[in-house]
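Here is the structure we will look at.
The values are calculated or read from the model by the stated rules, or taken from the named source; none is laboratory data. What you see is a predicted model; the values in this text were computed from it and never measured. Every residue, glycine as well, gets a Cβ built from its backbone with ideal geometry; the counts of neighbours run over all protein chains shown. What goes into the accessible areas is simple: the full protein's heavy atoms, side chains included, and nothing from ligands, DNA or RNA. Shrake-Rupley method; radii C 1.70, N 1.55, O 1.52, S 1.80 Å.
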Amino acid sequence: MRDRQVARDARRAREFEAFVAGAAGRLLHAAVLLTAEAPDASPRARRLLTLALAHTYARWDRLRGEDPYDCARQYLATRFARTTWHRYGVLGRARPDPRSPLAALTPRERLVLVLRLYEGVAEEQTAALLGLPAERVHALCDRATASVLHPDRPAAPRTANTEVAPS
């Protein structure tokens, strides 16, 4: 019985190491984009990646047919959202590196942009993951894309009522 447990743990460790070898680079790049840190100095992104990989390892035996990359990406996104949007922890208090191309975006815009364009997650899946309507995800992605592509243009005012009253 003990031999089976040791063999199962060794197989689990090998499988997870292979997963990390293949996915850690892409997940780290996504984390760097989310935190808007410089790629050469990214302690918040590395911490975010470590937490996502630890969460995935803890769930490894229960994944059964699920994609471990999706699990890690989902945890990465939700952890970033939770710590940033609610201003908990180190991730929420830090300012983005001004050299980052995504530094001008809000954390929510960065998250939507990274999920939609870098990771290729469908709009509906992104909306479900973030608990937002699909229309809001679409608007955030459009605004973030316009801000990144045309940084010199002033942003459109974000007001609730855009109608002009008749004179």
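For the range 103-120, give me each residue that is open to solvent by less than 50 Å² (accessible area, probe 1.4 Å) and over 17 Å from ARG79 (Cα atoms).
Result: ALA103, LEU105.
Conditions (1) closer than 27 Å to PHE16 by Cβ; (2) of a type in the set (Ser, Thr, Tyr), marked per residue:
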residue	(1), (2)
PRO39	yes, no
HIS55	yes, no
THR126	yes, yes
VAL137	no, no
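Suppose we keep only residues that are surrounded by fewer than 14 Cβ atoms within 10 Å (Cβ to Cβ) and over 19 Å from LEU51 (Cβ atoms) within the range 89-102. Which one would you say is modelled with the lowest pLDDT?
ARG95
For the range 20-41, give me each residue that is open to solvent by less than 60 Å² (accessible area, probe 1.4 Å), at pLDDT below 95 and not small (Gly, Ala, Ser).
Hits for the range 20-41 are VAL32, LEU33, LEU34, THR35, GLU37.
Of everything in the range 125-151, what is touching a residue at least 24 places away in the same chain (Cβ under 8 Å) and part of a helix (DSSP H, G or I)? Give them in sequence order.
Within the range 125-151, LEU129, LEU130, VAL137, LEU140, CYS141, ARG143, ALA144, THR145, SER147, VAL148 qualify.
Taking the range 59-73, which residues are at pLDDT 95 or above and over 17 Å from ALA18 (Cβ atoms)?
ARG73 - this is the single residue of the range 59-73 that is at pLDDT 95 or above and over 17 Å from ALA18 (Cβ atoms).
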